[in-house]
Amino acid sequence: MIPTTLVTGSSSFHRDTAILSQLDPALHTAIILEGLSDGRDVFPSPDVSRIQLHRIAAGCMCCTGNLVMRVTLNRLLRSKPDRLFISVANDLHLAQLRDVLMAPPYDQYLNLTDDLRLP
């Protein structure tokens with residue numbers, strides 16, 4: 001089971017920084033970021049880190065972005081990461097996103113941790 005944390009709130013820079021502070025360099029970590037960066041990239045270069053970073057278009061991940069999120073997540077799961085972070089720009093439907101991630105087939109792969117909610 002892959003520990004999976006949903007990160008919400010504030011700006012993309014603050015969400016990215018919060019994820020970076022949680023990273024263990026010894027672990028292969030997959031990160032899904034919703035929306036565009038605000039131009040301040042905080043993550044190390046993928047070729048010198050164990051980070052697998054994917055940015056998807058902004059849009060509610062349980063509504064309009066559901067297919068994109070699922071395709072991205074399915075691809076990431078094939079690489080068998082040790083840890084997963086999903087950064088969500090809007091927490092309006094966070095409970096529904098958790099429901100999607102706790103339902104089959106993801107319930108066999110993901111262990112949802114407490115959300116990381118930023119002001």
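So, in segment 30-58, of the ones that are over 20 Å from Leu110 (Cα atoms) and of a type in the set (D, E, K, R), which residue ends up modelled with the lowest pLDDT? Checked segment 30-58; the qualifying residue modelled with the lowest pLDDT is Asp47. Among the residues of segment 14-29, those that are of a type outside the set (Val, Ile, Thr) and modelled with pLDDT of 90 or more comprise His14, Arg15, Asp16, Ala18, Leu20, Ser21, Gln22, Leu23, Asp24, Ala26, Leu27, His28. Scanning segment 79-98 for residues that are among the basic types (Lys, Arg) and part of a helix (DSSP H, G or I) yields a total of 1.
Considering only residues in segment 59-70 that are surrounded by 15 or more Cβ atoms within 10 Å (Cβ to Cβ) and assigned to a loop (DSSP other than H, G, I, E, B), the one that is modelled with the highest pLDDT turns out to be Gly59. Checked across segment 80-95, the condition of being within 12 Å of the chain's Cα centre (by Cα), polar (S, T, N, Q) and modelled with pLDDT under 95 holds for at least one residue.
This table checks each residue for (1) within 19 Å of Leu53 (Cβ to Cβ); (2) surrounded by 15 or more Cβ atoms within 10 Å (Cβ to Cβ); (3) of a type in the set (A, V, I, L, M, F, W, C); (4) touching a strand residue (DSSP E or B) at 6+ places or on another chain (Cβ under 8 Å).
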site	(1), (2), (3), (4)
Thr72	yes, yes, no, yes
Pro81	yes, yes, no, yes
Phe85	yes, yes, yes, yes
Ala95	no, no, yes, no
Met102	no, no, yes, yes
Pro119	no, no, no, no
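The set of residues from segment 104-116 being surrounded by 15 or more Cβ atoms within 10 Å (Cβ to Cβ) and not in a loop (DSSP other than H, G, I, E, B) comprises Tyr106, Leu110, Leu112, Leu116.
The values are calculated or read from the model by the stated rules, or taken from the named source; none is laboratory data. All figures in this text were calculated on a predicted structure; none of them were measured in a lab. Cβ coordinates were reconstructed from backbone atoms using ideal geometry, including for glycine residues, and neighbour counts include every protein chain displayed.
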